[in-house]
1. Which residue is modelled with the highest pLDDT, if the candidates are limited to the stretch 1-50 and must be closer than 15 Å to HIS94 by Cβ and in a loop (DSSP other than H, G, I, E, B)?
2. Consider only pairs whose beta carbons are under 7 Å apart and that are at least six residues apart or on different chains; among these, list those whose first residue lies in the stretch 177-197 and is surrounded by fewer than 22 Cβ atoms within 10 Å (Cβ to Cβ) and charged (D, E, K, R) and whose second residue is in a helix (DSSP H, G or I) and at pLDDT below 95.
3. Among residues belonging to the stretch 35-51 that are without any contact (Cβ under 8 Å) to a residue 40 or more places away in the chain and more than 19 Å from the chain's Cα centre (by Cα), point out the one that is surrounded by the most Cβ atoms within 10 Å (Cβ to Cβ).
4. If PRO164 satisfies all but one of (1) under 23 Å from ASP41 (Cα atoms); (2) part of a loop (DSSP other than H, G, I, E, B), what's the number of the condition it fails?
5. Within the group VAL138, VAL153, which residue is crowded, with 24+ Cβ neighbours inside 10 Å, β-branched (Val, Ile, Thr) and within 26 Å of ARG85 (Cα to Cα)?
6. Take the stretch 84-110 and flag every residue that is among the β-branched types (Val, Ile, Thr) and modelled with pLDDT under 95.
7. For the stretch 173-200, enumerate the residues that are at pLDDT 90 or above, among the aliphatic types (A, V, I, L, M) and over 17 Å from VAL87 (Cα atoms).
8. Any residue at all in the stretch 129-140 that is among the β-branched types (Val, Ile, Thr), free of Cβ contacts under 8 Å to residues at least 24 places away in the same chain and assigned to a helix (DSSP H, G or I)?
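The values are calculated or read from the model by the stated rules, or taken from the named source; none is laboratory data. As the structure is a computational prediction, the values presented were derived from the model and not from experiment. Don't worry about glycine lacking a Cβ; one is built from the backbone with ideal geometry, like all the others, and counts go over all protein chains shown.
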Amino acid sequence: MILPFTLLLLCGLLIAGFLTQTHRGQLSERWMEKYGFAPNDLWTGRLERLFLSAFLTDRKSSFFQAMLLSFALVGATEAFGGTWRAVLTFWGIHFATLLLTSLILLPFYHLKIPFAVPLSMTRDVGPSAGYFGCLGAVVFTSSWRWPASSLGVIALTVFFFFPPQPGEDPHVKKHADSAHLIAFILGCASCMVWPMKGLP
């Protein structure tokens, strides 16, 4: 089965990985500052970062993880729901998740609440919001949709409260964990409006 959107996404990740050298190392600060997305970018109108940041990964392990999970989860969404379903699920949930996480922070930022200021300025990259949205859609299409989706929400919520790994930026972790949870829920919810067929 040919999966044009999945293949196009993988090509974009592959090209970005080689351009930034994250297929074999760490993303440089220059690339992160130029194309990474922070909630503050939304408020200052740098909306292109919503799109461009999805193709970048911050290190070698993230690059290969993004390739593998995009192939598996976006590919499954495209296989069972069709190309347009995969495009709208991946990009729609990616954009919606970044917008939601930014807007949730906005009032706390303007009130100068201590935790909100660094979070709003912290940049992150990667396609994980999109493929976690696809994961939610795939899970909710299965015959075990309610127990599986509930378990997914519980697991992602618990993971949010895990401490960061040694050397991991705690603000980046909070961004990523909250985005994964929101994206998964949106992916599940999308199937209530636009069901996919074909999963056992």
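1. GLY36
2. ASP177/PHE159; ASP177/PHE160; LYS197/PHE80
3. Ranking the qualifying residues of the stretch 35-51, first place goes to THR44.
4. For PRO164, the failing item is (1).
5. Working: VAL153 fails: crowded, with 24+ Cβ neighbours inside 10 Å.
None of the other options fit; the residue is VAL138.
6. At the first step, the residues of the stretch 84-110 found to be among the β-branched types (Val, Ile, Thr) are 87, 89, 93, 97, 101, 104.
Matches in the stretch 84-110: THR101, ILE104.
7. ALA176, ALA179, LEU181, ILE182, ILE185, MET192, listed by residue number.
8. Step one: of the stretch 129-140, the residues among the β-branched types (Val, Ile, Thr) are 138-139.
So of that shortlist, the ones also free of Cβ contacts under 8 Å to residues at least 24 places away in the same chain come out as none.
No.
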